[in-house]
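Read the structure below first, then the notes.
Any read-out appearing in this document is the output of simple, stated calculations on the displayed coordinates, not a laboratory observation. Bear in mind the structure is a predicted one, so any value in this text is a computation, not a measurement. Positions of Cβ are generated from backbone atoms using ideal geometry, with glycine treated the same way; all protein chains shown enter the neighbour counts.
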Amino acid sequence: MKGPWFIETLARNGDVLHRHRVEKLPIRIGRGYDNDYILDDPYAAPHHAQVDAGEDGALLLRDLGTRNGVVHAGKRSERLALGGNTVVRLGHTTLRIRAADFPVPAELRDRTMHGWEGALPGMAGTLLIAIVALFTMWLADTQAYRPFRYLLALAYGLGAGLVWSGLWAFGNRLFGRHARLGRHLFIFGCGVAALMLYQLVSSAIGYAYSIELFTRYGSHVAIALVAGMVYFHLATVKPEPRRRHALTCAALALLGSGLVLISNEQRNGRLADELYMSVLLPPGMRATPDSSVDEFMTDVAAMKEKLDRERRDRDGGGEAG
């Protein structure tokens, strides 16, 4: 076989971190300085593996009797035939070996939206976070106006956004090449803005048309919005596979909704978040007609009959016992 060959060190998301050119076989790989490719990995042996030409002409990787071995597809292998797409792990280092004539695909269309990162989306996300923090404080403020409270709300909002986005950016840097903090700030800003917008719109529609569904089960929509935000974070860290990210976030949303239902049942004896609509808005926003006093008293009478019947049944059962 004729060289050269290229040993590629891969990140956890599959990106190439480093390429090393080797002209001839065998290729000795290990932590020692007398190897053809030196692994800066304390979990690799001084002489960890060797690549030779196999009988069929393909590259053959051999484990040199090491403790941590050569791992491929989650299984340890003593001898492994290498193709251009074969990925192996030696210690904590992920490698791939390709010949110089390995075919590469044509230029692909950029679907990672690299234009939406950096200062511009970061500033947009920060602005959205600030608007949500100040608007939420304005809605909840029932005391005399004091700028300090608004500054404190703004600081808390921006701090939460930076912590959340910073953690995702750290993961992005750990599993990829770049932190992409601006994109993660933008995702978080859009997420909290969507949550606030849903709360306002659902409260207004629910109050106007007496749709108590928004109040009783609104937390599940919020959980779905958070799961969507997590999906875009994951797609930023590792663009592929998006379908797996979507399934993971959908499973997390279902799990969160299930836990909320269980918690409501244990705490209140019902699945709903609230028994009745607690949002009070100006009466002029009501779009459904008000119930008359006679209708209200009829409902009360029906309720009284039901309660009296249940009490008689309970008292009668107790006397029989």
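Things to note:
- Computed on region 119-268, the Cα convex hull volume stands at 143 Å³ per residue.
- Extension gain (nm, one decimal) between residue 99 and residue 55, 0.36 nm per residue minus Cα-Cα: 14.1 nm
- R0 of 22 Å, Cβ-Cβ distance residue 167-residue 68: FRET efficiency to nearest 0.05: 0.15
- Cα gyration tensor shape for region 5-99, rounded if a/c is under 1.5, else prolate or oblate: rounded
- Rounded if a/c under 1.5, otherwise prolate or oblate - region 25-152, Cα gyration tensor axes: prolate
- A dipole drawn for the chain from +1 and -1 charges on Cβ atoms has a positive end, and of 13, 302, 235 the residue lying farthest that way is 13.
- Our estimate of slack between residue 212 and residue 307, defined as 0.36 nm per intervening residue step minus the Cα-Cα distance, is 31.8 nm.
- Between residue 287 and residue 177, the distance separating the two model label sites (each 7 Å from Cα on the Cα→Cβ line) works out to 5.1 nm.
- At R0 = 51 Å, FRET efficiency that the Cβ-Cβ distance of residue 76 and residue 195 yields, to 0.05: 0.65
- DSSP H segments from the chain that extend 15 Å or more along their own axis, Cα-based, with Kyte-Doolittle mean of -0.5 or above: 119-140, 147-175, 181-209, 213-237, 242-268
- Neighbour-count ranking [beta-carbon atoms within 10 angstrom, fewest first] of 303, 137: 303, 137
- For the chain, the convex hull drawn through the C-alpha positions has a volume of 275 cubic angstrom per residue.
- If R0 is 41 Å, the Cβ-Cβ spacing of residue 17 and residue 156 corresponds to a FRET efficiency of close to 0.60.
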